[in-house]
Amino acid sequence: MYFPRERPIFENRYDAGRQLASRLEEYKKQSVVVLAIPNGGLPVALPVALALDAELDVVISRKLPIPLRPEGGFGAIADDGAVILNQDVLREISLTQQQIDYQVNRVRVDIRQRSLLYRGNKPLSIISGKTAIIIDDGLASGYTMMAAVESVRRRKPDYVVVAVPAASAVAVGKLTKMADSVVTVTTGFMPRFYVSDFYRYWHVLSDAEGLKCLREWRVRRFEFNIELLQNRTKGIERDY
């Protein structure tokens, strides 16, 4: 029998993002790009990007679902084609290469569609020489994030940070080997780890909600730049 956590740590994903932002203050004065894994990572990433005055973009990484058991996964694939396979799960479920290829191709189609939805014709953000902070709403197995890190590494960032509100100790161990830093608000050591247990209000996020986060960041960023320009103009006027 499974018993969930009695006291959630986060009200919702936005609250989780605010708490996570407080753990990332050291990056505020650096050249940072925040990369959210949609959909669930976007409302977490929004408060972080605003707190750090950083760019916000997405890195699309999707689970490779087990046939007839789509709630489980045997790996993940990212938007540039990076594939991470869970060899332990593959040995357990004995998938053929044909079944693996079929699932990989299905997920690639989904990723292309989501890339068009979130990015359209816009190119990938330039992260070469910058700090890339990759954010999701939590890590259970960690394979979706591992594929995202593999993908982001190919774009030559100076430093890669994995940042999530909650993660299993197993996932943290895996990501520590791939990222330069792993930041969490809390790490769970329970035998059965469910990200939703750490949230009071949890639901599967729609594409519309994810896109709303990106629009809000653009509006808030535009308003900030206008205010900054006005303050600089006032400063020049005082000098004269």
Calculate, for Leu90 and Arg192, the FRET efficiency according to 1/(1 + (r/R0)^6) with r their C-beta to C-beta distance and R0 25 Å; round to the nearest 0.05.
0.75
In degrees, nearest 10, the alpha-carbon axis of helix 207-239 is tilted away from the dominant principal axis of the alpha carbons of the chain by 20 degrees
Mind pulling the per residue volume of the convex hull built on the Cα atoms of segment 13-239? Å³ is fine.
134 Å³
Could you give the length gained by full extension between Ile126 and Glu216, i.e. 0.36 nm per residue of separation minus their alpha carbon distance, to one decimal place?
30.3 nm
Top positive-direction residue, dipole computed over segment 107-200 with Cβ charges, set Pro157, Ile135, Val195
Pro157
Quick check: net charge around Ser168, other residues with Cβ under 10 Å of its Cβ, Lys/Arg +1 and Asp/Glu -1?
+2
Amide proton proximity set for Gly188, modelled H, under 5 Å, gap of 5+:
Ala167, Ser168, Ala169
Karplus couplings for segment 132-142 from phi (6.51 cos²θ - 1.76 cosθ + 1.60, θ = phi - 60°), rounded to Hz, Gly and Pro as x?
9, 10, 9, 10, 9, 7, x, 10, 9, 7, x
Tell me which residues come under 5 Å, amide H to amide H, from Asp79 once H is placed; ignore anything under 5 positions away on its chain.
Ile60
Which ³J(HN,Hα) values in Hz, rounded to whole numbers, follow from the phi angles of segment 176-190 under the Karplus curve 6.51 cos²θ - 1.76 cosθ + 1.60, where θ = phi - 60° and Gly and Pro get x?
4, 7, 10, 9, 6, 7, 10, 10, 10, 7, 8, 10, x, 10, 6
Hey, how many Å between the Cα centroid of segment 126-166 and the Cα centroid of segment 40-97?
11 Å
Tell me whether segment 109-172 comes out rounded, prolate or oblate; compute the Cα gyration tensor, take square roots of the eigenvalues as a ≥ b ≥ c, and use a/c under 1.5 as the rounded threshold.
oblate
How charged is the neighbourhood of Pro38? Take every other residue with its Cβ under 11 Å from the Cβ of Pro38, and add Lys/Arg as +1 and Asp/Glu as -1.
-3
Taking Cα atoms, the helix 13-22 axis meets the longest principal axis of the chain at an angle in degrees (rounded to 10) of 60 degrees
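Quick note: the coordinates plus some simple rules give every number you see, no bench work behind them. Just so you know, these numbers come straight off a predicted model, no measurement behind them. Neighbour counts run over all protein chains shown; Cβ positions are idealised from the backbone, glycine included.
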